[in-house]
Amino acid sequence: MKIKLAVFDVDGTLFDGNLGIEFIKILRQSGFSTDKIGKEIMNWYQKYKNGEVEKSVAVDEIYKLHALGMKGTNENEIKKIALETWQKINEKMYKFVPKLINFLKNKDYLVILLSGSPIEMIKVFGNELEIDEENIIAGEIEIIDEIYTGNIVSYPGSAEQKIEALSKLIEKRNIDIDWQNSVAMGDDERDLKVLEKAGHPMVINPSEKLKDFAQSNGWKIVDENNIFSVVAGEDDTKN
C-alpha cells in the first residue's frame with residue numbers, strides 16, 4: 001500500500017521565526033553556551049538577516065557553533081531547556097497548524113517534520129502536534145552516556161541534505177510513497193528539492209528565490225490565512 005506524505009519545513013513555515021535561534025538564546029541565558037560562542041552565533045544570524053550572507057551559509061556556521069557549545073552538556077538538562085524555550089515562544093506557532101495537521105492525519109497522510117533546527121526543539125514542537133519522533137528529521141548532535149560530544153550526527157540544512165535525509169527516513173521505515181498525491185510545504189529555496197518531489201508543493205510566505213520558482217512552475221503560493229482552505233481543496237481534487 002502506498003503512503004501519502006505531508007512533509008513540512010518548520011521555521012518560517014509552521015512557526016513564525018526560528019526555533020533554533022530561540023533555543024540558543026535560552027541556552028545562552030541559562031549558562032549552557034559560552035558568551036563567545038553565543039555572540040558568534042548571533043553575529044552570523046544578523047549577517048543573514050542583513051542580507052550580507054546567504055541563509056544556507058549562515059545556518060551551517062550557526063549549527064557548527066551550536067554543536068561546539070553543546071559539548072559536555074547533559075542530555076536531560078538540555079531537554080528541560082528545550083521545553084522551557086517552547087513554553088516561552090509557543091504562541092509563535094501559526095494558528096492554522098494544529099487544524100491543518102489534524103486534517104491531514106485524518107486523511108491518512110503520514111506527517112513529517114523536516115528542519116535544520118536542533119532536534120531537541122523540533123521534537124518538542126512535534127510533541128505539541130502529536131507527531132511521532134520517528135517522523136521528525138532535524139539537526140542532531142552526538143550523545144554518549146547522556147553527554148553531548150560536540151560532534152554533528154546529521155544536519156539537514158541545504159536542499160540536498162533535506163531530500164537525502166527524507167530519503168533515508170523512507171528507506172529506514174521501508175514504506176512505499178505515493179508522491180503524486182503527497183503534499184510538501186516550505187518557505188525558502190532550501191526546501192526546493194523536497195517540494196519538487198511532491199505532487200502538491202506549496203510555498204508559504206516564500207523567499208524571493210522560492211517565490212520566483214513557484215510562480216514559474218505553477219505551484220500554490222499561500223499564507224497563514226488561506227493555507228487550510230488550499231490544502232483541503234487539494235485533497236478534494238484527489239477524492
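In the set GLU128, GLU91, GLU146, GLU133, only one residue is more than 26 Å from ALA184 (Cα to Cα) and either touching an Asp or Glu at 6+ places or on another chain (Cβ under 6 Å) or surrounded by fewer than 20 Cβ atoms within 10 Å (Cβ to Cβ) (or both); that residue is GLU146. Of everything in the stretch 77-88 that is hydrophobic (A, V, I, L, M, F, W, C) and buried (at least 18 other Cβ atoms within 10 Å of the Cβ), the residue that is farthest from LEU19 (Cα to Cα) is ILE78.
Number of residues in the stretch 180-204 that are touching a Gly at 6+ places or on another chain (Cβ under 9 Å), surrounded by 16 or more Cβ atoms within 10 Å (Cβ to Cβ) and assigned to a helix (DSSP H, G or I) equals 5. The single condition from (1) over 25 Å from LYS220 (Cβ atoms); (2) modelled with pLDDT of 95 or more; (3) in a helix (DSSP H, G or I); (4) not aromatic (Phe, Trp, Tyr) that ILE163 fails is (1). Looking only at residues in the stretch 205-234 that are among the charged types (D, E, K, R), touching a residue at least 12 places away in the same chain (Cβ under 8 Å) and assigned to a helix (DSSP H, G or I), the one that is farthest from ALA165 (Cα to Cα) is GLU234. Only a single criterion out of (1) closer than 18 Å to ILE141 by Cβ; (2) crowded, with 17+ Cβ neighbours inside 10 Å is not satisfied by GLY12, namely (1). Report yes if some residue within the stretch 35-49 is in a helix (DSSP H, G or I), closer than 24 Å to VAL194 by Cα and touching a residue at least 40 places away in the same chain (Cβ under 8 Å); otherwise report no. Among the residues of the stretch 35-49, not one is in a helix (DSSP H, G or I), closer than 24 Å to VAL194 by Cα and touching a residue at least 40 places away in the same chain (Cβ under 8 Å), which makes the answer no. Within the stretch 144-173, residues that are on the phi > 0 side of the Ramachandran plot reach partners that are polar (S, T, N, Q) with beta carbons closer than 9 Å, at six or more positions or on different chains, in the pairs GLU146/ASN74; GLU146/ASN76. Restricting the stretch 83-118 to residues that are under 15 Å from the mean Cα position of the chain (by Cα) and aliphatic (A, V, I, L, M), which is nearest to LEU27 (Cα to Cα)? Here the residue is MET93. Taking SER207 and the conditions (1) surrounded by fewer than 17 Cβ atoms within 10 Å (Cβ to Cβ); (2) within 20 Å of GLY17 (Cα to Cα), which numbered condition does it fall short on, given that it satisfies the others? With respect to (1) surrounded by fewer than 17 Cβ atoms within 10 Å (Cβ to Cβ); (2) within 20 Å of GLY17 (Cα to Cα), SER207 is out only on (1). For the stretch 53-60, does any single residue satisfy the condition of being among the basic types (Lys, Arg) and surrounded by fewer than 15 Cβ atoms within 10 Å (Cβ to Cβ)? Scanning the stretch 53-60, I find no residue that is among the basic types (Lys, Arg) and surrounded by fewer than 15 Cβ atoms within 10 Å (Cβ to Cβ), so the answer is no. Every listed requirement among (1) closer than 27 Å to ASN226 by Cβ; (2) in contact with a Lys or Arg (Cβ under 9 Å, 6 or more places away or on another chain) is met by GLU91 save one, (2).
The values are calculated or read from the model by the stated rules, or taken from the named source; none is laboratory data. Given the structure is predicted, the values throughout are model-derived calculations rather than measurements. Note that each Cβ is placed from the backbone with ideal geometry, even for glycine, and that neighbours are counted across all protein chains shown.
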